[in-house]
Amino acid sequence: MSSSLSAIISIGFHGLAFAMVLYLISVGLSVTMGMMGFVNLAHGVFAMLGGYVLTTLMSRAGVPFVPALLCAFIATALGSIIVERLLYRRLYGGDELDQVLLTMGLVFMSVAGATYVWGPLQQPLQPPAWLSGAVDVGFRSFPAYRSFLILCGAALVTALWLGIERTRFGARVRASVDNSSRALKAEMLVRAELSTAHPTGLNISSSAVFLRGEKHYVFVEEQRGTFSRREVKIGAEQGDKVAVLQGVEPGQRIVTGNCLLLEQIFNSAGG
């Protein structure tokens, strides 16, 4: 293997390992913002708590890696429940700025508290023997601990996607309704209105529509090699399709690629 290819593989592997660490820390923010509507900028605090608990148990109490990891998970879960009940719950459905200020204040307090208890230096961590060596994949060896981080991140990505997108529980979570005022009670019957977009007109590729000033246009092929510019009125856009309400008729051939180049040609020709 050439030195340049080896360097590329090494950079990619270590970059992926660090990316997984950042993902494991930040995934809580995406869940709380995307599904709970709460701006929790203190998500890193809980990762920090788990890390300090893990290193303390291993280096000072001599607890093996796996039991220490489980204890760190339990301690972080209990700490998050306490913080949620005492602080976060008061701001559910509140102003986003208040949520930002609360969680940023929690970050500063947590950093100061961790520095006071554990000091400003990094905590020593000695991985177990099965994570201290290297993993041989045939053409190259990779550090076992960082391989473990990549596998954990990939497993969490898969578990979250399957749990939220492919299970009945995930569907219930995504369809949940904020009920902080307790207006809805168990066994109540309610009348709900669900609005869905039903685009009218012709659905064409959104790449076919371009702006000229404040108006939308498309190019229509009148005959082979001959095009005309048509002003259109567009409606709802869904994915890569847009509804054209006025300006074109069914059966007409619409240009879907290189529209801006064609527009330049029209402009240079005085069209």
TODO: Kindly indicate whether THR76 is hydroxyl-bearing (Ser, Thr, Tyr) and exposed (fewer than 12 other Cβ atoms within 10 Å of the Cβ).
DONE: no
Task: Residue among LEU151, LEU131, LEU125, LEU160 that alone is part of a helix (DSSP H, G or I), modelled with pLDDT under 90 and under 30 Å from ALA7 (Cβ atoms) - done: LEU131
Task: Close pairs from region 222-242: first small (Gly, Ala, Ser), partner assigned to a strand (DSSP E or B), Cβ under 6 Å, at least 6 apart - done: SER228/VAL220; SER228/GLU222; GLY235/ALA243; GLY235/LEU245; ALA236/ALA243
Task: Scope region 72-101; condition touching a Leu at 6+ places or on another chain (Cβ under 6 Å) and without any contact (Cβ under 8 Å) to a residue 24 or more places away in the chain; matching residues - done: ALA72, ASP98
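Tell me yes or no: at least one residue of region 86-94 is farther than 30 Å from PHE169 by Cα and either assigned by TED's automatic domain parsing to the domain that holds SER141 or over 26 Å from the mean Cα position of the chain (by Cα) (or both).
Keep residues of region 86-94 that are farther than 30 Å from PHE169 by Cα, which gives none.
Within region 86-94, not a single residue is farther than 30 Å from PHE169 by Cα and either assigned by TED's automatic domain parsing to the domain that holds SER141 or over 26 Å from the mean Cα position of the chain (by Cα) (or both).
Can you find even one residue in region 21-32 that is more than 18 Å from LEU149 (Cα to Cα) and not aliphatic (A, V, I, L, M)?
yes
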Task: Filtered residue count, region 120-175, keeping only those that are touching a Leu at 6+ places or on another chain (Cβ under 9 Å), hydrophobic (A, V, I, L, M, F, W, C) and surrounded by 14 or more Cβ atoms within 10 Å (Cβ to Cβ) - done: 6
TODO: Output the residue which, of all residues in region 219-271 that are in a loop (DSSP other than H, G, I, E, B) and acidic (Asp, Glu), is nearest to VAL209 (Cα to Cα).
DONE: ASP240
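The values are calculated or read from the model by the stated rules, or taken from the named source; none is laboratory data. Here the structure is a predicted model, which means the values were calculated and not measured. With ideal geometry, Cβ positions are generated from the backbone for all residues, glycine too; neighbour counts draw on all protein chains shown.
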